[in-house]
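Notes to accompany the following structure.
The values are calculated or read from the model by the stated rules, or taken from the named source; none is laboratory data. Because the structure is a prediction, the values reported are computed rather than measured. Using ideal geometry, Cβ is built from the backbone for each residue, glycine included, and neighbour counts are taken over all protein chains shown. The protein model used for the area step is the full one, side chains on, heavy atoms only, and it has no ligands, DNA or RNA in it. Shrake-Rupley method; radii C 1.70, N 1.55, O 1.52, S 1.80 Å.
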Amino acid sequence: MDALELRTRLRVALAETTQRLGAAGVPSPSVDARALIAHAAQTEQPLVMLDELPEDFSEELEQLTTRREQREPLQLILGRAPFRRLMLTVRPGVFIPRPETELALDLLRERLPETPTLVADLCAGSGALGAAVLDEIPGASVLAIEVDAEAAALSSENLELAGPGRGRVLQADLTREIPELTAAAPFDAILSNPPYIPPGAVPRDAEVIAHDPHRALFGGGDDGLEVPRAVIAWAGRLLRPGGVLIMEHADVQGAATRALAAELDCFDLLTTAPDLTGRERFLIARRSQGAPNLESERLSR
């Protein structure tokens with residue numbers, strides 16, 4: 001295949017794939033089409049740098065396009081998802097990391113001037129937050145907690161790739177006692193993107209409701225805050241004085257999560273940080289100097 005024929009074939013493939021994805025309601029059809037074409041071409045280089053295509057390119061692209069038309073998430077089709085400087089492994093049945101969660105690392109740097117040495121990632125999912133800590137803070141170690149077995153295994157893989165030997169994952173339920181987590185304290189920082197959607201709020205995106213595990217979406221209780229409440233309680237118990245909790249939540253839960261943290265009477269800073277679109281999305285809580293550890297029964301409140 002000469003260069004002109006190759007360019008023509010790629011141009012046609014891009015136009016047709018973009019059209020099909022757009023007709024299927026995919027939000028970014030051109031971007032996704034380029035990613036699918038590159039995957040079918042078995043390359044990570046820009047398409048303009050290709051000088052040949054695999055023999056099964058057309059068949060592979062057809063299969064990939066059909067899956068995306070059916071609104072299977074692009075990340076699951078490709079088997080990976082970008083997160084800050086990393087390319088994380090993703091798998092079906094595990095929550096797919098979102099770009100907005102990346103801001104948690106910047107908030108941590110702003111609110112914790114000293115370099116943390118021990119960080120907990122609660123409700124770790126794929127391990128995105130913990131892996132980013134290992135990647136960007138070379139001296140840090142991470143203990144991740146994840147209730148789901150498949151997600152815990154994937155989190156362990158991603159942590160090991162990001163920081164060999166510096167990350168550990170426990171499969172455990174944060175609404176129950178976890179002796180190994182308690183024994184590892186005190187932590188310099190706790191990061192968390194817990195499930196927080198209330199039971200009556202159904203996600204609109206087909207990719208989310210059909211492919212993200214509901215356990216990773218719905219936070220429990222009438223307000224969706226059962227798991228976030230447990231995260232906040234653990235932060236009160238585990239953080240060292242001056243340590244910081246950064247927890248993602250829905251844009252309507254800022255006041256509620258601050259109130260939950262205020263009830264514990266062990267934080268001297270409680271605020272809500274916006275995401276890049278200006279929506280209130282992150283609880284920031286700093287443990288006060290000399291605050292007593294919370295008793296374990298407070299977790300079940």
Item to check | Extension gain from Leu14 to Leu270, taking 0.36 nm per residue of separation minus the Cα-Cα distance | outcome: 87.3 nm
Item to check | Size of segment 175-245 as Cα extents on the principal axes (Å, biggest first) | outcome: 42, 21, 21
Item to check | Using alpha-carbon coordinates, inclination of helix 149-162 to the longest axis of the chain, degrees | outcome: 80
Checklist entry - What are the principal axis extents of the Cα atoms in segment 111-250, in Å, biggest first? => result 41, 30, 28
Checklist entry - Working out 0.36 nm times the residue gap between Thr117 and Glu55, then minus their Cα-Cα distance, what length gain in nm do you get to one decimal? => result 17.3 nm
Checklist outcome for this item: Pseudo-spin-label distance Arg67 to Arg168, built 7 Å along Cα→Cβ, given in nm, is 3.6
Item to check | For segment 1-154: span of alpha carbons on each principal axis (Å, largest first) | outcome: 56, 29, 25
Checklist entry - To the nearest whole percent, what portion of all C-alpha pairs in segment 1-86 is separated by more than 23 angstrom? => result 19
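By how many nm would the segment from Ser288 to Arg7 lengthen if fully extended, with 0.36 nm per residue of separation less the alpha-carbon distance? If you can, show how the numbers build up before the last one.
Numbers: separation 281, 0.36 × 281 = 101.16 nm, distance 6.18 nm.
Going from the current span to full extension adds 95.0 nm.
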Checklist entry - With each label point set 7 Å from Cα along the Cα-Cβ vector, what nm distance links Met87 and Ala183? => result 3.9
Checklist entry - Using just the C-alpha positions of the chain as equal point scatterers, what log10 of I(q)/I(0) does the Debye formula give at each q in 0.11 1/Å? => result -0.69
Item to check | Mean ellipticity per residue at 222 nm, deg cm²/dmol - from DSSP H runs of n ≥ 4 across the chain, formula -39500 (n - 2.57) | outcome: -12000 deg cm²/dmol
Checklist entry - How many percent of the accessible area of the chain is carbon or sulfur, using a 1.4 Å probe? => result 51
Checklist entry - If you take all C-alpha pairs in segment 60-139, what percent of them are over 18 Å apart? => result 48
Next on the checklist: Given a 1.4 angstrom probe, what's the average accessible area per residue across the chain, in square angstrom?
Outcome noted: 47
Item to check | Distance (nanometres) between label positions extended 7 Å along Cα→Cβ at Glu100 and Ala24 | outcome: 2.5
Checklist outcome for this item: Candidates Phe282, Phe267, Phe57; GNM for the chain (alpha-carbon contacts under 10 Å) flags as most fluctuating Phe57
